[in-house]
């Protein structure tokens, strides 16, 4: 029977530290806690890295965070060659905050890109310095320069970013909230997590389980580094930090 880990990051993406209890060790040495601030790889966003501090003061490096049998079972994968904690032991948690914050900024930027390019999303991946979103986009007027300018308008407006929960029924009644062409948000739990941008979600609202910054201004300077043709109408937009390089 899978464990259920309380995912503290779902309500507070800025919680970088916490205390927890070890509830299980799987057959591959993965550590399962009763609660965690470590985001597990999902939805195109990579899992957190960081460390645990054991009861005797030992610092245990966490090389990756993944989900187990269910999305609610979060497994902390230790770097090789380390002593594991005992089940029932209390530990302190600390994520690699600079890396997480980069991912939060990038993930928010991907949401903004889906606002600027209101077309079906066919894929996405978030990383610390180069993220991508793929669209079925028939309109060739969406150039790097145009999309970058519109992205920075949203960033500079410093719109609030917040979480709202809706029911499965509310999502079914509002299918346009789902922007992905191929992936549906998990249902059956009775509630769906929306990431909203703008006062009263005036800019955007879509199902997402990832971590994001609290306001678009925190994303900082971004630009479209490249647009790649992946099919007759499919285009891959690559987002990068900083100003566009001089032409």
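The values are calculated or read from the model by the stated rules, or taken from the named source; none is laboratory data. In this text, all values refer to a predicted model and were calculated from it rather than measured experimentally. As a convention, Cβ positions derive from the backbone with ideal geometry for all residues, glycine included, and neighbour counts pool all protein chains shown.
Details
- No other residue among 151, 146 is exposed (fewer than 14 other Cβ atoms within 10 Å of the Cβ) and at pLDDT 95 or above apart from 146.
- Taken over region 228-247, the criterion of being within 13 Å of residue 140 (Cα to Cα), outside any strand (DSSP E or B) and in contact with a strand residue (DSSP E or B) (Cβ under 7 Å, 6 or more places away or on another chain) is satisfied by 233 alone.
- For residue 33, the stated conditions hold: it is in contact with a strand residue (DSSP E or B) (Cβ under 6 Å, 6 or more places away or on another chain), over 22 Å from residue 240 (Cβ atoms) and buried (at least 19 other Cβ atoms within 10 Å of the Cβ).
- Hey, residue 86 over 21 Å from the mean Cα position of the chain (by Cα), part of a helix (DSSP H, G or I) and more than 27 Å from residue 14 (Cβ to Cβ) or not: no
- Selected residue [in a loop (DSSP other than H, G, I, E, B) and surrounded by fewer than 15 Cβ atoms within 10 Å (Cβ to Cβ)] from 190, 210: 190
- Of all residues in region 16-30 being exposed (fewer than 14 other Cβ atoms within 10 Å of the Cβ) and either modelled with pLDDT of 95 or more or in contact with a helix residue (DSSP H, G or I) (Cβ under 6 Å, 6 or more places away or on another chain) (or both), the one that is nearest to residue 94 (Cα to Cα): 17
- Hits in region 97-119 (condition: surrounded by fewer than 16 Cβ atoms within 10 Å (Cβ to Cβ) and not in a helix (DSSP H, G or I)): 118
- Among the residues here, residue 158 qualifies as surrounded by fewer than 18 Cβ atoms within 10 Å (Cβ to Cβ) and either free of Cβ contacts under 8 Å to residues at least 12 places away in the same chain or touching a helix residue (DSSP H, G or I) at 6+ places or on another chain (Cβ under 7 Å) (or both).
- Total residues in region 29-72 satisfying the condition of being more than 15 Å from residue 2 (Cα to Cα) and either in a loop (DSSP other than H, G, I, E, B) or more than 15 Å from the chain's Cα centre (by Cα) (or both): the figure is 27.
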